[in-house]
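*Asks:* Once you've had a glance at the structure underneath, I'll fire off some questions.
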Amino acid sequence: MTDDRRIRCILIAGGGSAGWMTAAALANALGRDVAITLVESSEIGTVGVGEATIPPIRLFNRTLGIDEAAFVRRTKGSFKLGIEFVDWGRIGARYFHPFGPFGRDFDLVPLHQYWLDAAARGGAPALDDLSMAWAAAKRGRFSPPLPDPRSVGSTFDYAYHFDAGLYAALLRDYAEARGVMRIDARIQGAEREGERGNIAAVVLEDGQRIAADLFIDCSGFRGLLIEETLGTGYVDWRHWLPCDRAIAVPCERGDFTPYTRSTARPAGWQWRIPLQHRTGNGHVHCSAYMGEDEATALLLANLEGAPLADPRTLRFTTGHRRRFWSHNVVAIGLSSGFLEPLESTSLHLIQAGISKLLALFPTRDMDPLLVDEFNRISIAEFERIRDFLILHYKLTTRDDSELWRYCAAMPVPDTLQWKIDHFRSAGRLVAREFDLFAAPSWLAVHIGQGNRPQARDPLLAARGIDGRAHLAKLADAMARAAETMPTHADYVAALCGAGGESRRLG
């Protein structure tokens, strides 16, 4: 009879969004056959800047069986159709990165090629006006996409803004109801096995020892297990993404927009995230070009309402651990690495880490094939998102400050230069394995920040179609469809007012 090598107990080191998303997902997938313990200290605060998300978060909630209305109500949430970028390509310019496509292809040649041709001839609508997400967003309106694929009202996607602390609390309730045990304590250190070097147990401040087969490091930037104990090392990307500070402060709620806004500043950028009860704000900046006091003053001077708390400073180094999974430790969340929240990917990377762990779930033997594959995919995912973030900084004509001059001149990764060259040559949007952001996202930034192609797809001339009338009809249909939607405020009020607390959380 073979030895049973199944994982029987899992310890999650740390709470917050990463810890409780992991606990909820593992409890949902593994049931009560596997003992799951989460250790967090109520004395240690969480980062809590991940209040804006991208559409895959809906799949995460749906997999857990969490009702959308209950979720939005419990987390003081709102809806997000994309991100508006202000002053990035040049001061005074703005564009929208939508969730969903620009229009719908009507020919063999991609629609954006017809738009490029129409723009060159004159009389084309703005590219943003070919996005159903923007048609609704700019009018302050929201309702879910229509199910009929023939309608332009089906051609968009959405995500959420929410209070990350409230989301963690919701998931804690969910996880504990499914058997996850929470211990409120500080972890002092870890014990390693002598033979393989695996983690045998964590040791709490009171001396209590907690053993497990698999350890999930959700301890934040500290990397208590993955770095302090196992010493995996770190890949530093600050030469491409030089911002290393974020100052966050909530303020009274202003316009209840169904989108996030990112406004470029002299040494970084400022976020604006509208929730039901407040607006989240932050200033991401490079400390080499602006001191903390000046950065804080700039943020406070650009709030739309009175601040509701003192500003908090977050210090970070953009990059990732050299190994996301080492021995019997998997790093998820900030313990695995950090990419600034320019495109709201922080919570998605938690979700992606959990999904990979479930897809490559190990036995106690920690098969190196699984570990290596997990690390290969994790690094590739980080690199693809990294390239998309760098694109925003590289495609600027701003020369009003040191940061923007540096970014405009800096060499970029070959993987990104390859994409820039393809688009600049003939407007082609090429993709690589594990790209999180699809062609419409790249198109939005290229065009929004002034990277116009030198030529068109040769197939366009061969087709001989003048697409201007079609584009005009499409923009008009989207505008009319948006006008039929309720306002974002009315939709959220109706959603949260229906059913009360009796609505299920999963």
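*Asks:* Between residue 476 and residue 361, what is the spin-label point distance in nm, taking each point 7 Å from the Cα along the Cα→C-beta axis?
*Replies:* 5.5 nm
*Asks:* If you wrap the range 416-506's Cα atoms in a convex hull and average its projection over all directions, what's the area in nm²?
*Replies:* 10.6 nm²
*Asks:* Next question. Can you give me the angle between helix 468-483 and the longest principal axis of the chain, using Cα atoms only, in degrees from 0 to 90, rounded to the nearest 10?
*Replies:* 60 degrees
*Asks:* Now a separate question. Suppose we take every Cα in the range 213-282 and form the convex hull; what volume per residue is that in Å³? Mind showing how you got there, number by number?
*Replies:* Working: hull volume 11.2 nm³, N = 70.
Each residue corresponds to 160 Å³ of Cα convex hull volume.
*Asks:* Please determine, in degrees from 0 to 90 and to the nearest 10, the orientation of helix 164-177 with respect to the longest principal axis defined by the Cα atoms of the chain, where the helix direction is its Cα long axis.
*Replies:* Value to nearest ten degrees: 50.
*Asks:* Could you list the residues of the range 98-122 with an amide nitrogen less than 16 Å from a label point located 7 Å from the Cα of residue 469 in the Cα-to-C-beta direction?
*Replies:* 106-107, 118
*Asks:* Could you tell me which of rounded, prolate or oblate describes the range 1-145, using a ≥ b ≥ c as the square roots of the eigenvalues of the alpha-carbon gyration tensor, with rounded for a/c under 1.5 and, failing that, prolate when a/b is larger than b/c and oblate otherwise?
*Replies:* prolate
*Asks:* Working out 0.36 nm times the residue gap between residue 288 and residue 426, then minus their Cα-Cα distance, what length gain in nm do you get to one decimal?
*Replies:* 46.0 nm
*Asks:* Next question. Between the range 77-129 and the range 334-380, what is the separation of their alpha carbon centroids in Å?
*Replies:* Going from one Cα centre to the other spans 32 Å.
*Asks:* Students often get this wrong: which residues of the range 121-140 have the backbone nitrogen under 16 Å from the point 7 angstrom along Cα-to-C-beta of residue 484?
*Replies:* Counting backbone N atoms under 16 Å from the label point, the list is 132-133, 135-136.
*Asks:* Here is a further query. Output the Cα-based Rg and Dmax of the range 68-141 in Å, rounding Rg to one decimal and Dmax to a whole number.
*Replies:* In order Rg, Dmax, the Cα atoms of the range 68-141 give 15.7, 50 Å.
*Asks:* So, by mean Cβ neighbours within 10 angstrom, what's the order for 85-93, 425-433, 170-178 with the highest one leading? Mind dumping the intermediate values first?
*Replies:* On the way: 85-93: 17.4, 425-433: 14.2, 170-178: 19.6.
Ranking the peptides 85-93, 425-433, 170-178 by packing returns 170-178, 85-93, 425-433.
*Asks:* Where the Cα atoms of the chain are projected onto their three principal axes, how long is each span, largest first, in whole Å?
*Replies:* 73, 57, 53
*Asks:* Residue 80: which lysines have alpha carbons under 21 Å from its alpha carbon, excluding same-chain residues fewer than 8 sequence positions away?
*Replies:* 138
*Asks:* From Cα pairs below 8 angstrom and at least 6 apart in sequence, can you work out the relative contact order of the range 245-315, rounded to a whole percent?
*Replies:* Values: 140 pairs, mean separation 31.7, N = 71.
Taking the mean separation of contacting Cα pairs over the length of the range 245-315, I get 45 percent.
*Asks:* On to the next question. Using the alpha-carbon atoms, what tilt in degrees (0 to 90, nearest 10) does helix 439-448 show relative to the longest principal axis of the chain?
*Replies:* The answer is roughly 60 degrees.
*Asks:* Another question, if that's okay. Compute the orientation-averaged projected area for the range 245-315 from the convex hull of its Cα atoms and round it to one decimal in nm².
*Replies:* Its average projected convex-hull area is 4.3 nm².
*Asks:* Can you give the convex hull volume of the alpha carbon atoms of the range 337-406 per residue, in Å³?
*Replies:* On the way: hull volume 6.5 nm³, N = 70.
Spread over its residues, the Cα hull of the range 337-406 gives 93 Å³ apiece.
*Asks:* Here's a follow-up. Per DSSP H run of at least 4 residues, take -39500 (n - 2.57); add these up for the chain, divide by its residues and hand me the 222 nm value, nearest 500 deg cm²/dmol.
*Replies:* Only helices count here, giving -10500 deg cm²/dmol.
*Asks:* Tell me which of 249, 86, 53 sits at the most positive position along the dipole axis of the chain, charges placed on C-beta atoms (Lys, Arg +1; Asp, Glu -1).
*Replies:* 86
*Asks:* How many percent of the alpha carbon pairs in the range 261-359 exceed a separation of 17 Å?
*Replies:* Beyond 17 Å sits 60 percent of the P(r) for the range 261-359.
Where a number appears in this text, it was derived from the coordinates with a stated rule and is not lab data. This one's a predicted model, so the numbers in the text were calculated from it and none came from an experiment. Note that each Cβ is placed from the backbone with ideal geometry, even for glycine, and that neighbours are counted across all protein chains shown.
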